[in-house]
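Some notes on the structure that comes next.
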Amino acid sequence: MSARGEPPEGSRRGGPDGEDEFRVVFDESFVQAAVLHEPSAQERLRTGRKPRPLRRAFGMPPAMFRAVVLVLSIVVVTSGALYLAGRRANAPVHRTAPGPAVLVRVSLAPAVGVVPAEVAPDADPFAGTSAAAWRDDRAGIALPAQEETEHFSAPQVRESLELVRDFIADTQLDPAVWRGGRPWSAALNLRSDQYRQVIAALDHPVDDDVHAATGWVTRFDPEAVDADATLARVNAVTSIAEPRDGELMVTVDGVFVYAVKARGGEVWTRFVVHRLWEFRIDKPGLRDAQMRVRRIVTVAAPQPCTATAAAYFQPIFPAGERSSASEPTGAPTLAASAEAASAAKGAMGGPTVTASEAAVISGATGILPTPMPSPMPPASSSGPLPSGSPLDPLALGGASGMTCGGLTTAV
């Protein structure tokens, strides 16, 4: 029989200090014999404990309150987004001013005793001229090193310049356009009103400063010029400015030298087109790959001073190579050229041109004998070209018709 205080299994075993003397061991039989009892509601009432009240927020259960807060948050965020979007859409956006492009054209015809250049069929038509080192594609249109302006980032400026360069290449360097085709890709990059203007000029050219086909493109009379044999060289410089917030102005000063042959002829002659473009591009237009042309100034030589140059350029060929369609009708003398230039200048309030000054028109415009571009003056400038030309095409923006000048050097 076990001693008092000893468990039935015998005395506890532990360390010398009796540390396990009061250890309680719950074996499996003890756990199974335990009774678990959860007080009922009535028992809790008898003990005096009250049920815990349900918490509410603004009279609503917590779950409903959280749902209402979530819905209100969504409504507030959505309303704010719609408000900001509407405000941005209704905000004034600067767009370039509408209106037709001004097409200023000056034809230069040989004076008495001046004969256009004649190059043998098997020779390089550009040999001995600066054009021999020029490019024959869009790479000849140099882009400026400037990469950004105050309101246009570098990628936006680059995109604008590429848009302009594509336009010039499509209108000046495309053999299909030389033969009389339409520069569709270039036309589609214009705003709708100017798109209609260029299409009308190509389909129904008029000898004025709005509807002349040769004010837009370089193309030759297919009855007079063998366009399939035509070669070209280009040297153009480009500059950018931001005359007003949100409007990029791109100016291009380019000289194009074309080696052409008369229809049925064999020898080459050179035909020079010097153009100055002024483009305006805003950000809404840039997103749509569209732009506006403010003006195009063209000086072309050598060709007769006739209204037929509104539809096609009419190069003058050396004696024996002229096509009947390109025969000049009354090539002006120096005095006649001076009178025409003086009359046009006088109509715009500019200085007159004397006969002696007309003798240097060809060299002063930077076209002959081997043209090099010069920067385009600001649109507001009424002074002469930087090269000192007495005939300032930029001052002829309001003149209609073609102003004729005289050549004193063969092209």
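The values are calculated or read from the model by the stated rules, or taken from the named source; none is laboratory data. Since this is a predicted model, take the numbers as computed values, not measurements. We place every Cβ from the backbone using ideal geometry, glycine too, and count neighbours over all the protein chains shown. To get the accessible areas, we keep the full protein, side chains included, count just its heavy atoms, and leave off ligands, DNA and RNA. Shrake-Rupley method; radii C 1.70, N 1.55, O 1.52, S 1.80 Å.
The table below gives the values:
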{"read-out": "Breaking point among (1) among the β-branched types (V, I, T); (2) crowded, with 19+ Cβ neighbours inside 10 Å; (3) not in a helix (DSSP H, G or I), for V198", "value": "(3)"}
{"read-out": "Residue in the stretch 119-131 that is in contact with a Pro (Cβ under 9 Å, 6 or more places away or on another chain) and open to solvent by 50 Å² or more (accessible area, probe 1.4 Å) present", "value": "no"}
{"read-out": "Some residue of the stretch 166-175 being part of a loop (DSSP other than H, G, I, E, B) and either open to solvent by 10 Å² or more (accessible area, probe 1.4 Å) or polar (S, T, N, Q) (or both)", "value": "yes"}
{"read-out": "The stretch 132-162 - residue that is of a type in the set (D, E, K, R) and part of a loop (DSSP other than H, G, I, E, B) and, of those, least open to solvent (accessible area, probe 1.4 Å)", "value": "D137"}
{"read-out": "Selection count where residues are part of a helix (DSSP H, G or I) and over 23 Å from G99 (Cα atoms), scope the stretch 176-195", "value": "3"}
{"read-out": "Test: residue in the stretch 204-211 that is surrounded by fewer than 19 Cβ atoms within 10 Å (Cβ to Cβ) and farther than 18 Å from V299 by Cα", "value": "yes"}
{"read-out": "Selection count where residues are touching a residue at least 24 places away in the same chain (Cβ under 8 Å), of a type in the set (A, V, I, L, M) and within 14 Å of L202 (Cα to Cα), scope the stretch 168-182", "value": "1"}
{"read-out": "Where a residue in the stretch 183-211 is more than 25 Å from L286 (Cβ to Cβ) and of a type in the set (V, I, T) and its partner, wherever it lies, is in a helix (DSSP H, G or I) and open to solvent by less than 60 Å² (accessible area, probe 1.4 Å), with Cβ under 8 Å and at least six apart", "value": "V206/A310; V210/Q197; V210/A201"}
{"read-out": "Options V217, V177, V225: the member that is closer than 23 Å to I281 by Cα and of a type in the set (A, V, I, L, M, F, W, C)", "value": "V217"}
{"read-out": "Inter-residue pairs, beta-carbon under 9 Å, first acidic (D, E) and in the stretch 225-240, second surrounded by fewer than 21 Cβ atoms within 10 Å (Cβ to Cβ), 6+ apart", "value": "D226/R263; D226/G264; D226/G265; D228/P175; D228/R179"}
{"read-out": "Residue check, W268 open to solvent by 10 Å² or more (accessible area, probe 1.4 Å) and of a type in the set (F, W, Y)", "value": "yes"}
{"read-out": "Cross-chain or 6+ apart pairs with Cβ under 8 Å, the stretch 144-167 first and of a type in the set (F, W, Y), then part of a helix (DSSP H, G or I) and open to solvent by 20 Å² or more (accessible area, probe 1.4 Å)", "value": "F152/K283"}
{"read-out": "Set R270, R275, R292, R263: member being modelled with pLDDT of 75 or more and within 24 Å of H151 (Cβ to Cβ)", "value": "R292"}
{"read-out": "Failed item, numbered, when F256 is tested on (1) surrounded by fewer than 24 Cβ atoms within 10 Å (Cβ to Cβ); (2) hydrophobic (A, V, I, L, M, F, W, C); (3) at pLDDT below 95", "value": "(3)"}
